[in-house]
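Structure, as structure tokens:
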Amino acid sequence: MPGSAVRTNLVLSALPASVRQTIAADLRPRYLHQHETLDFTGDVVFPLDGVISLMKGTPGGLSVEAAAVGYEGVFALSALEDVTPIVQVPGESLTMARSAYERQLDNREFRAVTSGYHEALLNFAMQTALCQAFHIIEERLAYWLLVMYERSYKSTMYLTQEFIAAILAVQRPSVTIAAGRLEDRKLISNARGRVTIVDVVGLEHAACDCYAASGHVLLGA
Ligand SMILES: [Zn+2]
């Protein structure tokens, strides 16, 4: 959980000790740089405190965040049409060669843990679709900031309003108004692309019910 001194990945820690031992030699540390685009055919990534957004785009160039992968998950999808995996919050991760990951999928316990996570990720993406259709921007922004916070352990994030607008698929002035309201309520501070969560509990109350529905499902709480 945020604030913990130990960086771990919940998919890896959910594996039986015997499986963790088997894969330990295949894991390598990798720093995820902000705005770095990952490759679906490249290494599998287990974030420790970085967050990867799965951006779904249209052929016309519009895009929106469909889901995010942090320390609760693994970026192992081999292909998704018109989806760009981009690092949203920089941080540490462990990576594994795709060939090693595919070999591990022969292990029933490894497969059970990773497929369980992918079901949760699908649930997250469906919740996001619902959120975009029905919830107001202020609530969505609060929800999204909490998702980033929980997956990165970081209460301060470097996010321009243009960037947040692109993530939430709204106009920049709408983000300015929504962020201003959250600031007026003393839930966040926001200056020159530096967004800090000041009151986590208050932000939870400001978020739409998607936060309770999908955020905690992913974290297993
Ligand atoms: Zn929502």
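The values are calculated or read from the model by the stated rules, or taken from the named source; none is laboratory data. All figures in this text were calculated on a predicted structure; none of them were measured in a lab. Counting neighbours? That spans all protein chains shown, and the Cβs are built from the backbone with ideal geometry, glycine included.
Summary of computed values
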quantity	calculated
Of residues in region 172-188 being farther than 17 Å from Thr156 by Cα and over 22 Å from the mean Cα position of the chain (by Cα), the one surrounded by the most Cβ atoms within 10 Å (Cβ to Cβ)	Ser174
Scope region 106-137; condition assigned to a helix (DSSP H, G or I) and among the β-branched types (Val, Ile, Thr); matching residues	Val113, Thr114, Thr128, Ile137
Residue that is surrounded by fewer than 22 Cβ atoms within 10 Å (Cβ to Cβ), of a type in the set (Lys, Arg) and not in a loop (DSSP other than H, G, I, E, B), where the choices are Arg103, Arg140	Arg103
Yes/no for Ala5 being loosely packed, with under 10 Cβ neighbours inside 10 Å and either at pLDDT 95 or above or not polar (S, T, N, Q) (or both)	yes
Residue check, Tyr153 in contact with a Phe, Trp or Tyr (Cβ under 9 Å, 6 or more places away or on another chain), within 18 Å of Val45 (Cα to Cα) and not assigned by TED's automatic domain parsing to the domain that holds Val45	yes
Residues located in region 111-143, provided they are near the ligand (Cβ under 9 Å from one of its atoms) and aromatic (Phe, Trp, Tyr)	Phe134, Tyr143
Answer residue from region 189-221, given it is surrounded by 21 or more Cβ atoms within 10 Å (Cβ to Cβ) and modelled with pLDDT under 95 and is farthest from the ligand (Cβ to nearest atom) among those	Val195
Residues (more than 12 Å from the chain's Cα centre (by Cα) and not acidic (Asp, Glu)) located in region 34-58	Gln34, His35, Thr37, Leu38, Phe40, Thr41, Gly42, Val44, Val45, Lys56, Gly57, Thr58
Tabulated pairs, region 26-52, first under 16 Å from Glu102 (Cα atoms), second charged (D, E, K, R), C-beta under 6 angstrom, 6+ apart or interchain	Val44/Arg98
Members of region 119-130 that are in contact (Cβ under 8 Å) with a residue 40 or more places away in the chain and of a type outside the set (S, T, N, Q)	Ala120, Leu121, Phe124, Ala125, Ala129, Leu130
